[in-house]
Amino acid sequence: MDRYKKQRTRMVETQIRARSISDAHVLKVMETIPRHLFVDEGLIDQAYSDNPLPIGEKQTISQPYIVALMTQALELKGGERILEIGTGSGYQTAILAKLADRVFSIERVATLATRARKILDRLNCYNVAIRVGDGSYGWKEEAPFDAIITTAAAPRIPQYLVEQLAPGGRLVVPVGSREVQTLYKLARSVENPAEIKKEDLGGCRFVSLIGESGWKE
Ligand code: SAH
């Protein structure tokens with residue numbers, strides 16, 4: 001029995017499908033992942049609302065629509081190896097875990113990583129590996145990746161991440177100032193792996209990436 005099922009269905013219909021997200025796998029997974037488990041207990045009644053929410057350590061769980069938009073942009077068909085920078089609550093991680101083969105997620109703040117791990121285990125997301133550190137460098141031992149997602153904003157495209165993209169791989173990353181950014185999708189060509197195509201997915205607002213490809217604290 002899941003008393004939040006109705007709220008979840010409404011979230012997907014009114015916030016996501018209504019805004020032209022059409023990937024059936026993304027819609028289905030977002031209808032099943034219990035977002036309320038990833039927010040603070042005091043905010044549980046807002047878990048399915050149309051906005052980001054604080055998760056402690058001055059970080060936020062992203063707005064459901066943004067999660068859907070970024071996930072759709074990764075074009076997952078199943079079987080992918082994914083790198084995620086900014087585990088945060090673990091909500092985006094759980095969605096990726098259900099859509100792909102393996103997820104490697106890096107979080108700077110150890111307490112958030114530990115909290116996310118617990119919820120992911122509870123949801124049987126055993127195909128997720130979490131590492132604490134600066135995700136700017138990517139995860140070299142596990143590269144290359146079919147898809148890379150960064151859920152913290154960078155001042156420029158993080159080059160180590162581009163390097164760890166497999167031929168045909170997609171990278172979704174918010175780039176701009178600390179206050180406001182543009183969401184970019186980069187795709188490495190299959191035929192000519194040196195070629196990278198860049199697409200603008202619109203404006204967004206993320207918390208800052210802190211580290212080598214980001215800002216200082
Ligand atoms: N997808 C997450 C978003 C969390 S906010 C969610 O929906 O819950 C972004 C996260 O990126 C924060 O938890 C922050 O601590 C983390 N972060 C910031 N800079 C980072 C870096 N250099 N490496 C790894 N994680 C980083």
Scope the stretch 155-178; condition assigned to a strand (DSSP E or B) and either under 14 Å from the mean Cα position of the chain (by Cα) or away from the ligand (no atom under 14 Å from the Cβ) (or both); matching residues
LEU165, ALA166, PRO167, GLY168, GLY169, ARG170, LEU171, VAL172, VAL173, PRO174, GLY176
When residues of the stretch 22-56 are limited to those that are among the hydrophobic types (A, V, I, L, M, F, W, C) and away from the ligand (no atom under 16 Å from the Cβ), the one farthest from the chain's Cα centre (by Cα):
ALA24
In the stretch 100-121, how many residues are farther than 18 Å from GLY169 by Cβ and out of contact with any Leu (no Cβ under 7 Å at 6 or more places or on another chain)?
14
Do we find that LEU96 is in contact (Cβ under 8 Å) with a residue 24 or more places away in the chain, crowded, with 17+ Cβ neighbours inside 10 Å, in contact with a strand residue (DSSP E or B) (Cβ under 7 Å, 6 or more places away or on another chain) and closer than 21 Å to ARG170 by Cβ in this structure?
yes
So for the stretch 15-30 (the condition being assigned to a helix (DSSP H, G or I) and acidic (Asp, Glu)), does at least one residue qualify?
no
Which of the residues belonging to the stretch 32-74 are in a helix (DSSP H, G or I) and either surrounded by fewer than 16 Cβ atoms within 10 Å (Cβ to Cβ) or at pLDDT below 95 (or both)?
THR32, GLU41, GLY42, LEU43, ILE44, ASP45, GLN46
Can you tell me which of (1) surrounded by fewer than 21 Cβ atoms within 10 Å (Cβ to Cβ); (2) more than 10 Å from the ligand (Cβ to nearest atom) is the one TYR137 doesn't meet?
(2)
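The values are calculated or read from the model by the stated rules, or taken from the named source; none is laboratory data. A quick note: this is a predicted structure, and the numbers were derived from the prediction, not measured. Cβ sites come from the backbone with ideal geometry, for glycine too, and all protein chains shown count toward neighbours.
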